[in-house]
1. Please specify each residue of region 154-163 satisfying the condition of being crowded, with 16+ Cβ neighbours inside 10 Å and assigned to a strand (DSSP E or B).
2. Take region 90-139 and flag every residue that is buried (at least 20 other Cβ atoms within 10 Å of the Cβ), away from the ligand (no atom under 14 Å from the Cβ) and under 13 Å from the mean Cα position of the chain (by Cα).
3. Restricting to region 164-182, name every residue that is in a loop (DSSP other than H, G, I, E, B) and either small (Gly, Ala, Ser) or out of contact with any Phe, Trp or Tyr (no Cβ under 6 Å at 6 or more places or on another chain) (or both).
4. Give me the residue from region 36-58 that is within 16 Å of the ligand (Cβ to nearest atom) and outside any helix (DSSP H, G or I) and, out of that set, surrounded by the most Cβ atoms within 10 Å (Cβ to Cβ).
5. Scan region 140-153 for residues that are part of a loop (DSSP other than H, G, I, E, B) and either in contact with a Ser or Thr (Cβ under 7 Å, 6 or more places away or on another chain) or surrounded by 13 or more Cβ atoms within 10 Å (Cβ to Cβ) (or both) and jot them down.
6. Being within 28 Å of ASP99 (Cβ to Cβ) and without any contact (Cβ under 8 Å) to a residue 12 or more places away in the chain: is that true of GLY37 here?
7. Out of ARG16, ARG26, report the one residue that is touching a residue at least 60 places away in the same chain (Cβ under 8 Å), outside any loop (DSSP other than H, G, I, E, B) and out of contact with any helix residue (DSSP H, G or I) (no Cβ under 6 Å at 6 or more places or on another chain).
Amino acid sequence: MPQLKVLISREQIAQRVAEMGAEITRDFSGESVIFVGVLKGASIFLSDLARHVDLDAAFDFIGVASYGNRPSPAQELISGWDSTGEVRLTKDVDQSMRDKNVILVEDILDTGLTLTYLTKVLLAHQPKALRVATLLDKPSRRKQPMEANYVGFRIPDEFVVGYGLDYAERYRNLPDICVLPRQA
Ligand code: 5GP
């Protein structure tokens with residue numbers, strides 16, 4: 001395993017995720033929530049976040065892929081291409097979201113294409129409330145005006161891996177969030 005530069009340490013992540021959990025607990029006091037994690041990157045964040053939320057809660061997962069000309073994050077890393085394409089659903093939620101408090105949990109908000117698409121999909125399920133929690137936010141890369149309700153860390157335009165985030169399916173198990181150097 002190459003030595004990667006740590007951008008956000010496991011201790012910083014743990015502290016911030018606990019704070020986000022406390023915020024959600026306060027905001028939905030006395031109510032139930034459904035966490036909807038975006039596969040696969042948000043799975044570790046969701047499992048840590050949910051354990052800091054002291055509410056009646058259920059889990060669900062949703063899957064997305066990119067259409068046609070949108071490069072994968074891995075391709076962007078190599079070529080420096082921009083994301084211009086569209087997103088499609090590969091797995092819908094399993095349970096009804098109707099009249100429920102839904103918290104969509106994402107690993108990173110980048111161009112905003114994925115969350116813009118997913119919020120539309122979930123709003124079609126007619127939830128009582130829909131909130132977005134993202135561990136990371138790269139505001140400088142935005143192409144759609146999307147903001148999350150709960151943001152862990154705002155980061156610069158670097159390609160990051162670890163704590164669920166991958167490069168070609170690797171590095172998801174790193175406990176820290178690390179920078180993968182772009183090729184020259
Ligand atoms: P968006 O649709 O906002 O451009 O991108 C969101 C998705 O792009 C994330 O769920 C993630 O899969 C991927 N992504 C964006 N930036 C990064 C990054 O720095 N590292 C990794 N591993 N994935 C990223």
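Values in this text are rule-based calculations from the coordinates and carry no lab data. Remember, predicted model here, so these are calculated numbers, not experimental data. Heads up, the Cβs are rebuilt from the backbone with ideal geometry, glycines too, and the neighbour counts pull from every protein chain shown.
1. VAL160, VAL161, GLY162
2. Hit for region 90-139 is ILE103, nothing else.
3. GLY164, ASP166, ALA168, GLU169, TYR171, ARG172, ASN173, LEU174, PRO175, ASP176, PRO181, ARG182
4. If we take residues in region 36-58 being within 16 Å of the ligand (Cβ to nearest atom) and outside any helix (DSSP H, G or I), then VAL36 is surrounded by the most Cβ atoms within 10 Å (Cβ to Cβ).
5. ARG142, LYS143, GLN144, MET146, GLU147, ALA148, ASN149
6. Judged against the criteria, GLY37 is not a match.
7. ARG16
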